[in-house]
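Colleague: Below you'll find the structure I mean.
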């Protein structure tokens, strides 16, 4: 595996490929993003989910983390719904679909299948319930949630610059900025945005 450069200038290794016990510790609302898929325009409300892999440790002793961009949708064809049902081990009932709160997955354990894509980047391939009898070590990273419509400046400022740029491209951020908040400059396209099928 190659090495990759952090925004701070240091190097870090990608999480190893394979099946890993994992714990979700971060949810970031990216807002409504306008893009393109196979030549067609797309409009998707997206979130970034991040898990720690507590049985796979970096050189400094902290667990590796892996993230995934997904459309914030429980449509029957959406990747997020498929992942959540595999994670739960059962399908959603109609009532559950109406009232599901995504924050329920925070601090919830699962089994993540991580692969390395053509660029050498670790990506989440699939999610499942932890096998019976398998324990996930205690949480290391602090839980964190960021929602644009419940803006928290400290949480936003702690996000990596690349994630802030994605948020700045959202319709929700643009509306807030027009209302007199925010001092960020317009952001360019974020090439690593990978997601499930469009609407």
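The values are calculated or read from the model by the stated rules, or taken from the named source; none is laboratory data. The structure displayed is predicted, hence computed values, not measured ones. Every residue, glycine as well, gets a Cβ built from its backbone with ideal geometry; the counts of neighbours run over all protein chains shown.
Colleague: Which condition breaks for residue 163 when tested against (1) at pLDDT below 95; (2) not in a loop (DSSP other than H, G, I, E, B)?
Modeller: Among (1) at pLDDT below 95; (2) not in a loop (DSSP other than H, G, I, E, B), residue 163 violates only (1).
Colleague: Only one of 42, 32 is in contact with a strand residue (DSSP E or B) (Cβ under 8 Å, 6 or more places away or on another chain) and either surrounded by 16 or more Cβ atoms within 10 Å (Cβ to Cβ) or on the phi > 0 side of the Ramachandran plot (or both); which?
Modeller: Residue meeting the stated conditions: 32.
Colleague: Report yes if residue 61 is on the phi > 0 side of the Ramachandran plot, over 10 Å from the mean Cα position of the chain (by Cα) and in a loop (DSSP other than H, G, I, E, B), otherwise no.
Modeller: Here the answer is yes, as residue 61 does meet what is asked.
Colleague: Counting only residues that are under 15 Å from the mean Cα position of the chain (by Cα) and without any contact (Cβ under 8 Å) to a residue 40 or more places away in the chain, how many does the stretch 99-144 have?
Modeller: The total comes to 2.
Colleague: Any residue at all in the stretch 73-93 that is more than 19 Å from the chain's Cα centre (by Cα), part of a helix (DSSP H, G or I), surrounded by fewer than 17 Cβ atoms within 10 Å (Cβ to Cβ) and at pLDDT below 95?
Modeller: no
Colleague: Collect the residues in the stretch 132-154 that are loosely packed, with under 15 Cβ neighbours inside 10 Å and in a helix (DSSP H, G or I), keeping them in residue-number order.
Modeller: Of everything in the stretch 132-154, those that are loosely packed, with under 15 Cβ neighbours inside 10 Å and in a helix (DSSP H, G or I) turn out to be 149, 150, 153, 154.
Colleague: Looking at (1) surrounded by 11 or more Cβ atoms within 10 Å (Cβ to Cβ); (2) at pLDDT 90 or above; (3) not in a loop (DSSP other than H, G, I, E, B), can you tell me which one residue 176 breaks?
Modeller: All conditions pass for residue 176, except number (2).
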